[in-house]
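Undergrad: Supplied in structure tokens, the structure appears directly below.
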Amino acid sequence: MYSAMRVGIVHFKAFPGIEIGAGPIVETLEKICADEFWTAVEVGWMKDYCVRNTARHLLDQSHLSVAYATQPKSLTNKLNLNHFDPGERAKAVQEIKSAVDEARQLGAEVVRLIAGKDPGDAKREEAKKFLIDSLHQILDYAAEEKDGLAFTLRIFDRGINKKNLIGPVGDAVDIARAIRPDYPHFGLLTDLSHFPLLDGTPGESIPQMPEFLDAVHLGNFDKPVRPVVSAEVRPVLAGEVSEVIMANAKRVIRDAWALSQRPD
């Protein structure tokens, strides 16, 4: 399994409450770093510089691959990269540029981006243009360091939960096609749990974006550089414990891999 992928866990999902950028961030991250099953971790917003610095030292010791997700910062602060108000859009761009700096401080190799709210059918194409412009600004800023920091745009649902502009695979591919020629390190991230929310299946959706699909929650394989494949799991019901949820995720991953290796 490890020869095909880097098996990751989403830190701020496994330990609810820290997505606000505060709380027992280092203490919970240490639990992941101390578990040899994981070879990658996806971290999020950490408001305090000292917390980020401590987390960086911990991550360096662990030799985990690190991804930085802007989702906690974006959703907590209601940032919208495709907002129709120029001031709100500029604010979102500036905050995500700051998140890029945080990602670098944490030693991340990739930054996960999200679009803003879907404005509806009549204004969707205009919103996509705003999103493309915002992404160009962020990626231009990131490119100044010339360190090859990668970016993925996450595909959310549009009509049920997040009600995000991106969105169905077709629209995600439109954005990727507009960005990739200038930024070869830009791709898409999809989540297997979101396919039902988008009225699709992996079998229908993934073949539409093979050249842009760089990460999955959960499972993409067979690339020259092993992709990060992360479990996005969290306690939901009263009494559920993060450590047990993560142990269950490891059992499911091992079982799924074992089943995938059986001859037909």
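Throughout, read-outs are computed from the coordinates displayed, never taken from laboratory work. All figures in this text were calculated on a predicted structure; none of them were measured in a lab. Here the Cβ positions follow ideal geometry from the backbone for every residue, glycine too, while neighbour counts run over all protein chains shown.
Undergrad: Which helices, taking whole DSSP H runs in the chain, have alpha carbons extending 24 angstrom or more along the helix axis plus mean Kyte-Doolittle at least 0.0?
TA: 242-260
Undergrad: Over all pairs of distinct alpha carbons, what does the Kirkwood formula give as the hydrodynamic radius of region 91-190, in Å?
TA: 13.8
Undergrad: Also, I was wondering about something else. For a quick check: sort Val26, Val236, Val252, Val229 by the number of other beta carbons within 10 angstrom, fewest at the front.
TA: By the 10 Å Cβ count, ascending, the order reads Val236, Val252, Val26, Val229.
Undergrad: While we're here: Mean-square fluctuation check for the chain, GNM, Cα pairs under 10 Å: which of Ala99, Ala14, Ala122 is largest?
TA: Maximum among the listed residues: Ala122.
Undergrad: How would you rank Lys31, Lys13, going from fewest to most other Cβ atoms within 10 Å of each one's own Cβ?
TA: Going from sparsest to densest Cβ surroundings: Lys31, Lys13.
Undergrad: Work out how much length Asn77 to Ala238 would gain on full extension: take 0.36 nm times their residue separation and subtract the Cα-Cα distance, in nm to one decimal. Please report the intermediate quantities before stating the final value.
TA: Numbers: separation 161, 0.36 × 161 = 57.96 nm, distance 2.65 nm.
Once the chain is fully extended between Asn77 and Ala238, it gains 55.3 nm.
Undergrad: When the dipole is taken about the Cα centre of region 6-260, and only Lys, Arg (+1) and Asp, Glu (-1) are charged at their Cβ, what size is it in debye, to the nearest 20? Before the final figure, lay out each step's value.
TA: Values: 31 positive and 37 negative charges, 41 e Å.
Dipole size: approximately 200 debye.
Undergrad: Read through the labelled values (1) 115, 49, 32; (2) 88, 43, 35; (3) 51, 46, 41 and report the label of the one computed as Cα extents along the principal axes in Å from the structure.
TA: Recomputing Cα extents along the principal axes in Å here gives the entry labelled (3).
Undergrad: Count the net charge of all other residues whose Cβ sits under 10 Å from the Cβ of Ser242, scoring Lys and Arg as +1 and Asp and Glu as -1. Numbers along the way, then the final one.
TA: Working: positive: Lys13, Lys31, Arg234; negative: Glu240, Glu243.
That works out to +1.
Undergrad: Further question on the same structure: Taking R0 as 41 Å, what's the FRET efficiency between Lys250 and Arg104 from their Cβ-Cβ distance, rounded to 0.05?
TA: Given R0 = 41 Å and the Cβ-Cβ separation, E is 0.90.
Undergrad: Which of Val111, Val241, Val100 ends up with the largest GNM mean-square fluctuation for the chain, with Cα atoms connected below 10 Å?
TA: Residue with maximal mean-square fluctuation among Val111, Val241, Val100: Val241.
Undergrad: Pick from Arg251, Arg177, Arg52: which is most flexible by mean-square fluctuation in a GNM of the chain where alpha carbon atoms under 10 Å apart are linked?
TA: Arg251
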